[in-house]
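The structure under discussion appears below in the form of structure tokens.
The values are calculated or read from the model by the stated rules, or taken from the named source; none is laboratory data. If you're wondering where the values come from, they're calculated on a predicted model, not measured in any experiment. Positions of Cβ are backbone-derived with ideal geometry, glycine not excepted, and every protein chain shown enters the neighbour counts. Keep in mind that these areas ignore ligands, DNA and RNA; they rest on the heavy atoms of the full protein, side chains included. Shrake-Rupley method; radii C 1.70, N 1.55, O 1.52, S 1.80 Å.
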Amino acid sequence: MTRAHIRFETSTDATKFIEELNGCKSCAGEAFILEDNTGKYRAEARSLLGVLYLSTEHNDRMYLVNETNDGHFPSFVDKYRVL
């Protein structure tokens, strides 16, 4: 499974990410999950509570996964990627 390593600098970044994901027409109907580096801790990427939890506890080890279309990430995800 392909994962995108992402990080949010602020809680506002996390909120903007959720808004962009929920408004994304090209990824409507796709299931996105955020998880830590081990995959043990996971949260729905469209959920404010889940995203805030994961970004607080695992921000440096947080990955986005598209469970519906492996490897497909909307272009806006690039601004949150860890390079």
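Beta carbons closer than 9 Å, at least 6 apart along the sequence or on distinct chains, never pair a first residue in segment 1-15 that is over 15 Å from Phe76 (Cβ atoms) and open to solvent by 60 Å² or more (accessible area, probe 1.4 Å) with a second that is modelled with pLDDT of 95 or more and basic (Lys, Arg).
Looking only at residues in segment 47-83 that are of a type in the set (Phe, Trp, Tyr) and more than 10 Å from Arg3 (Cα to Cα), which one is most open to solvent (accessible area, probe 1.4 Å)? So, considering only residues that are of a type in the set (Phe, Trp, Tyr) and more than 10 Å from Arg3 (Cα to Cα), the one most open to solvent (accessible area, probe 1.4 Å) is Tyr53.
The C-beta contact set for segment 31-54 (first residue of a type in the set (Asp, Glu), second residue part of a loop (DSSP other than H, G, I, E, B) and open to solvent by less than 80 Å² (accessible area, probe 1.4 Å), distance under 9 angstrom, 6+ apart or interchain) comprises Glu44/Ala31.
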